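Taking it in order: structure first as C-alpha cells, then the write-up.
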Amino acid sequence: MMGGGESYAALEESLLPEQAAARRQWEKTYLDVLGVCCSAEVALVERLLAPLDGVRAVSVVVPSRTVVVEHDPAAVSQSRIVKVLNGAGLEASVRAYGSSGVIGRWPSPYIVACGVLLLASSFRWLLPPLQWLALAAACAGAPPMLLRGIAAASRLTLDINILMLIAVAGAVALKDYTEAGVIVFLFTTAEWLETLACTKASAGMSSLMSMIPPKAVLAETGEVVNVRDIGVGAVIAVRAGEMVPVDGMVVDGQSEVDERSLTGESYPVPKQPHSEVWAGTLNLDGYIAVRTMALAENSTVAKMERLVEEAQQSKSRTQRLIDSCAKYYTPAVVVLGAGVALLPPLLGARDAERWFRLALVLLVSACPCALVLSTPVATFCALLTAARMGVLVKGGDVLESLGEIKAVAFDKTGTITRGEFTVDMFDVVGHKVQMSHLLYWISSIESKSSHPMAAALVEHAQSKSIEPKPECVAEFRVLPGEGIYGEIDGMRIYVGNKRVLARGSSCQTVPERMNGLKGVSMGYVICDGDLVGVFSLSDDCRTGAAEAIRELASMGISSVLLTGDIAEAAMHAQEQLGGALLEEVHSELFPEDKVRLVGALKARAGPTMMVGDGMNDAPALATADVGVSMGISGSAAAMETSHATLMSSDILRVPEAVRLGRRARRTIAVNMASSVAAKAAVLALAVAWRPVLWAAVLADVGTCLLVVLNSMLLLGERRGRRGKEDACRATARSLEMRRSQLAAVSSDAAATKSVGKTGGDASKGCHCCHKPSRSPEHSVAIDVRADEQREGPTAATCAPAKKVEVTGSVNASVMPASSSCVSAGCCSP
C-alpha cells in the first residue's frame, strides 16, 4: 500500500508539475562563493546548481562574490548546495544572518605553501637542487585552480582557470619552473586580494540587509517573539537603544528616532503618538509602544533589500555589451594562440620556443576578466553609496542614465514644497448647510484620501472638535487632476479644484472673496450639484529646494516646474525659490499634460529626470529617462513606476545622485581604458621584445585588482560643508524637541490646574500625548541653513522672474494628486 501511495504521489507530481511546484515552500539562501572572480564562473555556477531538484532560481552577484539560490529546503538542503559548489573548488559557504562575508580572511594554505616554496627556490644559486622547489610551489598552489578548471571543462565552459593551467603547463614544458611557480602565486594571491576588496565593498550591503532585529517584545505581555511571527495590528515595545523591528505607528510614549539607515540623514526625529516609525530605525532615548502596520517581509527596509538585490543582479547597457563581446573575444584569442603556436613551426620558422611563449601570452590574455569586471564592480559600489545616502537606484541602466541628465522636471506639491498645507480660509456659500455638517462631510471623505491637502482639511475639522467617520463614506473615488468624490448621509459630494466645480455644479461663479488670493491653492465643495463651500490652503517650499536647483544649474542642468495647481500658486513657489532658478513653470496640468511636457523636454534638452511623489506623477515618472519618487512620503504608484526612490524628503539628494551617476560613468570609463591598455601593452611587449608569461599574468590579475580598488573609491562619502550643516541642523532639531517637550509638560500641568478650578479646558495644545501647540518642525530656528543665515534679511526677498515661461490661466485651480500619509487624530504630527 505504501509503495502504491508513493507511486501515485510521484505520478501526480509528474502529471501536475505546476501544482506540485506551487505546494513547495521556497526560500532564499545567500552564499559567499570565493571562487567566482568574473562572469566566466557565472555560467559554471548556474550549470552546477540548475539541474538540482528543488532549485528554482540561481543568481550570481560577481562583485560581492555572492550566489543567491531560491530553493525548496525539503528537496535540496543548504549543505547539499554548498557541497556541489565546493566539489568544483568554488569555496562556498552559507552566509550567516547579518554577516559581511570574509573581511579579514587570511590567505589559504595553498597560497602560503606556494609562496614559501617559491621563496625557498630563489636561493637556487646557492644550492641548484632548490630549483625543483619552484615546481613544487606551482603544484602546491594549483589545486583550487585545477578543481575549478576541471569543473568548467566538464561543462564545456572556458574560464580563466583553464587558461592559467595551460600557461602553467606550458612553462613546465619549457622547463621554466620558476615562471610556472610565479604564475600560480601571482594568480592565487591576486584572487585573494581581489576577494577581500570585493567583500569590503559589499560589507555595507550586508549591514543593510541585517537592519531588522530578529526578535521583538509584545507590549501587552512582555513576551519575546520572532519578528516574522508578528501580525498586523500587534503592539510591540521598543526601548531606548533598540531597533524598531516592524513598520508601525506610535500609540504610547515619546522618543527621538535616528532614521539614517533609511534616509541617510543622521539626526534625531521626534516621535509621539500617531507618528509613523519604520523598521530598521534606531530608538534613541525613550520608550515607545508601536502598533504594527505591515508584516516584517513587507516593511520598508525589506522593500529596500529587495530593490537593492534586484539592482545588484541587473546589468547595465555597457555591461551587457561587454559580456556579449567577451563571449566571442575569448574563443577568438584561443584560436589565435593555437595558430601562433602551430603555424610558424609548420612553415619552417626558426625559434619555435619564442612562438610558443607568444602563444601562451595570448592565452593568458584571452580571458578579459578586468574588462568584464570594470562595469559591475563600479556599478555595485555606486549603488551601495546611493543606498547609504538614502537613494535607491533600480539598476545599472538607471545609474548610467543619471550621469547623462541634462534637464530636471519637478512636481510642486510634496516635492518642491513641503506638502504640509494649512487652511487659510474655509467658508460656507449661502445658507444651505451648516459649517459643522460641512466639515463633518469633508473630513470624513478626505480621511480616505492620501493627498497632503486632505490631511490639512482633516486637521482643520478636528481643530473645530469635529471627528471624521470614514466608515460612513460610500462610493469613494479619486478624480486625478481634479479632486475626490464620495457619498455620505445620502449626499453626493465633490471636493477639489475648479474642474470639480465644472463637473459637479451648475454654478460656475466663483465667490468674490476667492478672487485676488495669491500664493494659495483654492478648493470648492459641491453637494448634490450646489456649491456649498470654498476654502484656500497654502504651502511652503522645502528647505534646500533652492540650493538643489542651484547645484543642478552649476552642473549645466536646467530645471522646470510642472504642477497641477493654479498659476498663482506656482508663481508663489517660484518666488520662494528665486525667480531666475526655474527656466519654465507650467501650471494647471493633468497627468497626461505632464507626460507630454516631459516628452517635449526630452526631445529638446536631452536626457530628462522627473521628480515627483504622487499618483498623478506616476505616468510622467515612467516617461522620463530617470523618474525619481519621494519614497517614504510618496505614493505606492510613484515608487513602483519610478527608476529611483528618495527615502527622505531632502531634495538635495537629487543633485547628489546626478553627481554620483557622473562619477560612476567616469570610473567605468577609466576601468575599461586601463583594462584594454594593460593587455595591449603586454601583447605589444611580447611581439616587439620578449614574451614574458609572468608579466602577462601580472597584467591580467593586477588590472583586475586595480579595477576593483578604483571602483571602491566610489564608496567614499564627500560630506564637507554639507556634513557640517547637517550636524548643526541635527543639534538644533534635538534641542528644539527638548524645549517643546518641556513646554508641553508644563502647559499640561497648568491646564490640569485650570480644569480643576474652572471645569474647562484652558489649554490650546493637545495633552493626551504631550504634543505642543506649536510643532517644532515649524520653528524658524530649525531649518535655516548656515549660508542662508549669513545672507541676512534680504535673503527672504526674491528677485522677479527672468526669462521664465509660465503656462496656464490665472483663475483656474488644481489640486495636484501628490501623495503623503494622511495624519488623523488629535495628535497628528
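The values are calculated or read from the model by the stated rules, or taken from the named source; none is laboratory data. Quantities reported herein were computed from a predicted structural model and do not represent experimental measurements. Cβ placement follows ideal geometry from the backbone for every residue including glycine, while neighbour counts extend to all protein chains displayed. Ligands, DNA and RNA are excluded from the accessible area calculation, which covers all protein heavy atoms including side chains. Shrake-Rupley method; radii C 1.70, N 1.55, O 1.52, S 1.80 Å.
Filtering segment 612-636 down to residues that are β-branched (Val, Ile, Thr) and closer than 18 Å to Met647 by Cα, which residue is modelled with the lowest pLDDT?
Our first condition is that a residue be β-branched (Val, Ile, Thr); within segment 612-636, this holds for 623, 626, 628, 632.
Okay, now just the ones that are also closer than 18 Å to Met647 by Cα, so 626, 628, 632.
Numbers: Val626: 93, Val628: 91, Ile632: 62.
It comes out as Ile632.
Evaluate the following for Glu467: is it over 23 Å from the mean Cα position of the chain (by Cα), acidic (Asp, Glu), open to solvent by less than 20 Å² (accessible area, probe 1.4 Å) and outside the structural domain of Ser629 (by the TED database)?
Judged against the criteria, Glu467 is not a match.
Tell me, which residue of segment 193-226 that is at pLDDT 85 or above and not in a strand (DSSP E or B) is nearest to Gly253 (Cα to Cα)?
Ala219
Yes/no per residue for (1) assigned to a loop (DSSP other than H, G, I, E, B); (2) in contact (Cβ under 8 Å) with a residue 12 or more places away in the chain; (3) open to solvent by 10 Å² or more (accessible area, probe 1.4 Å):
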| position | (1), (2), (3) |
| --- | --- |
| Asp565 | yes, yes, no |
| Glu575 | no, yes, yes |
| Lys594 | no, yes, no |
| Val598 | no, yes, no |
| Ala603 | no, no, yes |
| Met610 | no, yes, no |
| Asp617 | no, yes, no |
| Ala620 | no, yes, no |
| Gly627 | no, yes, no |
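List every residue pair whose Cβ atoms lie under 9 Å apart, where the two residues are 6 or more positions apart in sequence or sit on different chains, the first residue falls within segment 107-124 and is under 15 Å from Ile183 (Cβ atoms) and in the same structural domain as Glu191 (by the TED database), and the second residue, located anywhere, is open to solvent by 90 Å² or more (accessible area, probe 1.4 Å) and charged (D, E, K, R).
none
Let me spell it out: the conditions are (1) within 25 Å of Ala618 (Cα to Cα); (2) of a type in the set (A, V, I, L, M); (3) touching an Asp or Glu at 6+ places or on another chain (Cβ under 7 Å), and Val534 meets all of them except one. Which number is the exception?
Here Val534 meets the rest and fails (1).
So, in segment 151-172, how many residues would count as being free of Cβ contacts under 8 Å to residues at least 12 places away in the same chain and either under 15 Å from Leu360 (Cβ atoms) or over 39 Å from the mean Cα position of the chain (by Cα) (or both)?
2
Go through segment 270-283 and give me each residue that's closer than 14 Å to Pro245 by Cα and either among the small types (Gly, Ala, Ser) or open to solvent by 10 Å² or more (accessible area, probe 1.4 Å) (or both).
If the condition is that a residue be closer than 14 Å to Pro245 by Cα and either among the small types (Gly, Ala, Ser) or open to solvent by 10 Å² or more (accessible area, probe 1.4 Å) (or both), then Glu276, Trp278, Ala279, Gly280, Leu282 are the ones that fit.
If you take the residues of segment 120-176 that are charged (D, E, K, R) and open to solvent by 30 Å² or more (accessible area, probe 1.4 Å), which of them is farthest from Gly87 (Cα to Cα)?
Among those residues, the one meeting the criterion is Arg124.
Would you mind finding the one in Ala240, Ala294 that is closer than 26 Å to Ala455 by Cβ, at pLDDT below 90 and of a type outside the set (Val, Ile, Thr)?
Residue meeting the stated conditions: Ala294.
Does Arg306 qualify as being open to solvent by 80 Å² or more (accessible area, probe 1.4 Å) and within 30 Å of Gly661 (Cβ to Cβ)?
Yes.
Being in contact with a Ser or Thr (Cβ under 9 Å, 6 or more places away or on another chain) and assigned to a helix (DSSP H, G or I) is the filter here, so list the residues in segment 390-411 that pass it.
Answer for segment 390-411, where residues must be in contact with a Ser or Thr (Cβ under 9 Å, 6 or more places away or on another chain) and assigned to a helix (DSSP H, G or I): Gly396, Asp397, Val398, Leu399, Glu400.
If we keep just the residues of segment 237-262 that are out of contact with any helix residue (DSSP H, G or I) (no Cβ under 9 Å at 6 or more places or on another chain) and crowded, with 21+ Cβ neighbours inside 10 Å, which is nearest to Leu384 (Cα to Cα)?
Looking at the filtered set, the residue picked out is Glu259.
Assigned to a helix (DSSP H, G or I) and more than 29 Å from Gly606 (Cβ to Cβ): is that true of Ala387 in this structure? Give the derivation first.
Details: assigned to a helix (DSSP H, G or I): yes; more than 29 Å from Gly606 (Cβ to Cβ): no.
For Ala387, the condition - assigned to a helix (DSSP H, G or I) and more than 29 Å from Gly606 (Cβ to Cβ) - is not met.
Take Arg492 and tell me if it is open to solvent by 10 Å² or more (accessible area, probe 1.4 Å), in the same structural domain as Phe426 (by the TED database) and at pLDDT 80 or above.
yes
Could you check how many residues of segment 316-330 are in a helix (DSSP H, G or I) and open to solvent by less than 60 Å² (accessible area, probe 1.4 Å)?
Within segment 316-330, residues that are in a helix (DSSP H, G or I) and open to solvent by less than 60 Å² (accessible area, probe 1.4 Å) number 7.
One line per residue, one yes/no per condition, for (1) open to solvent by 20 Å² or more (accessible area, probe 1.4 Å); (2) among the hydroxyl-bearing types (Ser, Thr, Tyr); (3) assigned to a strand (DSSP E or B):
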{"residue": "Thr413", "(1), (2), (3)": "no, yes, no"}
{"residue": "Asp424", "(1), (2), (3)": "yes, no, yes"}
{"residue": "Asp427", "(1), (2), (3)": "yes, no, yes"}
{"residue": "Val433", "(1), (2), (3)": "yes, no, no"}
{"residue": "His437", "(1), (2), (3)": "yes, no, no"}
{"residue": "Ile442", "(1), (2), (3)": "no, no, no"}
{"residue": "Ser450", "(1), (2), (3)": "yes, yes, no"}
{"residue": "Ala454", "(1), (2), (3)": "no, no, no"}
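Of everything in segment 339-351, what is surrounded by 13 or more Cβ atoms within 10 Å (Cβ to Cβ) and either in the same structural domain as Tyr177 (by the TED database) or touching a helix residue (DSSP H, G or I) at 6+ places or on another chain (Cβ under 7 Å) (or both)? Give them in sequence order.
Val340, Ala341, Pro344, Pro345
On the phi > 0 side of the Ramachandran plot and open to solvent by 20 Å² or more (accessible area, probe 1.4 Å), is that true of Gly419?
For Gly419, the condition - on the phi > 0 side of the Ramachandran plot and open to solvent by 20 Å² or more (accessible area, probe 1.4 Å) - is not met.
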